[in-house]
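*Asks:* Here it is, the structure, as structure tokens.
The values are calculated or read from the model by the stated rules, or taken from the named source; none is laboratory data. Here the structure is a predicted model, which means the values were calculated and not measured. FYI the Cβ positions are ideal-geometry reconstructions off the backbone, even for glycines, and counts take in every protein chain you see. Calculation scope for accessible area: heavy atoms of the full protein, side chains included, ligands and nucleic acids excluded. Shrake-Rupley method; radii C 1.70, N 1.55, O 1.52, S 1.80 Å.
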Amino acid sequence: MVHVKKPGPMPENGRGKGLNLQAAIEYLTTYSVAVLLLVILLAIIAALALAGHSNGLSTQSASTCYITAQLPCSQFVVADTQNGSEALMFFVNNLGQNLSMPANSFVVKPAITNATYVGNCYPANAMPGTPVTCVASSPYKPTVGSQLNLAFQLAYNNLHITGTSTAYAAPKADAYGVLLTSNVRGGGVSVNNVRYASGSTVIFVSGINYRISADAPSGYAFQDWIPGGSVSIPASGINSTQTTANATANGTIEAVYVASTTTSSSSTSSTSTIAPICYVPITISNNQAAPISGPFQMLINVTSSTYSSCINSQWTNVEFSTGPNGAGRILKAWVESNATNTGLTGVWVNVTASLGASGSGSNITTIYMDMMPYIVMTGSNPPTGEAPQLSPLYGEYDNGPSVFLKYWNFSGPSLPAGWASSDPGGMALSSGLTISAGSVYTTSTVFNSINTIVESDVAVTSSTPQYLSGLIQSSGNSPMYNNPTNLSEILYKVDFDGSTYPEYEAFANDGAKGACSGGECYDLQGAVSNVNLFTAALNTYYVLSSYVSPTSVGELENYHVVGSASGTFATNQYIILGYYKGAGAGSNAGPTESFQWVRTRAYLPNGIMPQYSFGAMVT
């Protein structure tokens with residue numbers, strides 16, 4: 001059978017979980033389809049993976065299939081299973097209308113036997129442009145390697161249409177998620193003559209060479225392919241618009257396009273074919289003695305009112321690039337605050353360039369803020385996204401996993417993959433995560449402490465004084481009073497001194513505290529230990545951060561250092577939210593806190609971001 005793996009490049013947030021099919025379909029009826037296409041795909045992957053176990057790679061021949069011109073079919077696979085075989089078909093809904101497919105909508109009949117494959121298509125209600133996967137099973141076991149001439153029936157919208165396929169019976173095999181991307185808006189990738197928009201995830205079966213071709217948007221020319229993960233493209237085809245690709249595990253394929261020009265017949269001058277936009281150059285300078293390795297995450301505050309003639313009222317037409325006028329490579333960006341064209345807008349940009357040390361001559365780069373004549377903030381992984389609470393539907397345009405080192409939001413209906421709760425009854429998921437008792441924590445270490453910042457958008461919402469809950473990073477998932485197990489950790493948590501509430505304090509330990517008698521004894525003392533770092537206002541969100549550099553540890557409140565101490569540690573860390581004891585928190589109650597998102601990002605030299613300046617806007 002085809003044993004399908006979860007795609008590695010998928011977001012590590014609520015969309016990245018493998019759901020069962022029924023749960024995914026119920027989820028689909030509750031939330032936006034555009035946001036959940038990856039959830040449906042992963043649901044299919046999870047369901048297929050349950051059907052059997054892989055025997056590794058196999059050599060398989062390419063298949064052909066035809067439904068209709070409006071339902072282009074990219075591949076048809078017949079693979080061995082423990083109790084028979086399984087037929088899988090992959091196509092795209094290009095009908096221009098929703099497809100509604102009932103139960104048992106997919107029926108396959110091989111020409112040489114009376115056997116019948118019966119199964120379903122997912123998602124059962126497919127919007128225009130949606131990739132669809134159909135899966136059917138049968139006790140029939142064809143001879144591995146034999147050619148199968150198949151007729152199949154597909155039921156949708158009260159219609160029954162027939163199609164044909166030529167496939168080759170495959171042994172048990174693996175299949176993988178391959179994320180298709182383009183570096184420019186409108187660029188696409190075709191697989192087996194079926195076009196997919198940038199951001200689509202398709203399934204590659206092991207041992208098959210897939211035909212891929214580049215679909216350049218207007219004003220651009222194809223440059224090259226960038227395979228990622230375990231996707232391979234022949235060296236001879238890297239610069240060819242049409243080539244082949246195969247996968248031995250999850251991976252990515254990026255099509256890179258460059259701006260093209262056309263020459264007027266009455267003049268020797270060249271004119272760009274790119275649609276007119278407004279753009280602003282942003283010069284970024286590293287003035288530190290140490291270089292900065294790219295990519296790195298940088299917060300840029302945009303005075304949006306200055307560009308209100310080009311930025312729309314919801315900040316949905318802005319993207320960032322490495323070249324002027326929308327040329328070059330698109331840089332992923334994430335709006336954190338004030339997604340309007342008035343006031344100051346905070347936006348994080350994932351800058352890909354490395355910057356040399358001050359005075360090196362390579363310490364400056366220029367990026368461009370492009371204000372497009374169309375909306376770019378659309379779909380689940382747009383070039384510019386926004387914090388989950390800024391969208392009409394929580395998390396609708398949240399592309400945080402593409403911008404930060406690690407990122408999670410809390411879109412529900414359950415915790416993100418890799419997270420657990422010590423007291424499920426003490427938490428709630430509704431447009432964010434609220435914890436009133438117990439702890440929510442990662443089930444494994446998710447980052448290394450050194451040169452990393454972990455942070456979250458947090459608000460204390462209960463007026464009844466409680467303490468010992470907050471944002472914790474630790475080398476163990478069960479911190480304890482007095483730290484008897486010598487964990488390396490930073491506890492950034494609410495305290496109550498009998499008069500001031502809610503105030504935040506912190507403790508830090510490098511895991512070598514030595515003897516300790518009474519109280520919360522930590523060896524990284526100073527301003528980072530057992531003092532009131534700042535007093536929060538109830539129901540007000542603060543970005544809380546803790547970091548470890550090669551020489552110090554510290555805490556930030558809204559990007560301002562509020563406590564630090566000399567010392568360091570380099571350990572793999574868990575993230576703990578709520579009551580500080582993590583997996584050992586049980587139902588211990590702390591102050592009720594709400595969390596919008598959690599992320600890690602790069603700690604830059606001395607904790608100082610490069611300087612930036614805006615040039616004149618070009619229209």
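*Asks:* Can you grab the distance from the C-alpha centre of region 120-152 to the C-alpha centre of region 381-433, Å, no decimals?
*Replies:* Centre-to-centre (Cα) distance: 33 Å.
*Asks:* Moving on. Between residue 151 and residue 512, what is the FRET efficiency for a Förster distance of 60 Å, r being their Cβ-Cβ separation, to the nearest 0.05? Present the calculation step by step, with values, prior to reporting the outcome.
*Replies:* Working: r = 71 Å, r/R0 = 1.18.
My answer for the efficiency is 0.25.
*Asks:* Using Cα positions and a limit of under 15 Å, work out the aspartates and glutamates in reach of residue 109, with same-chain residues fewer than 8 apart set aside.
*Replies:* List returned: 86.
*Asks:* In region 220-260, carbon and sulfur make up what percent of the accessible area (probe 1.4 Å)?
*Replies:* 47
*Asks:* Based on the mean of other beta carbon atoms within 10 Å per residue, what is the order of 329-336, 560-567, most packed first?
*Replies:* 329-336, 560-567
*Asks:* Rounded to the nearest Å, what's the spacing between the alpha carbon centres of region 527-587 and region 233-256? Just the number, please.
*Replies:* 43
*Asks:* Under the definition of Cα pairs under 8 Å and six or more residues apart, what whole-number percent is the relative contact order of region 177-266?
*Replies:* 34
*Asks:* How do 288-297, 196-205 rank on mean C-beta neighbours within 10 Å, highest first?
*Replies:* Result, highest mean Cβ count within 10 Å first: 196-205, 288-297.
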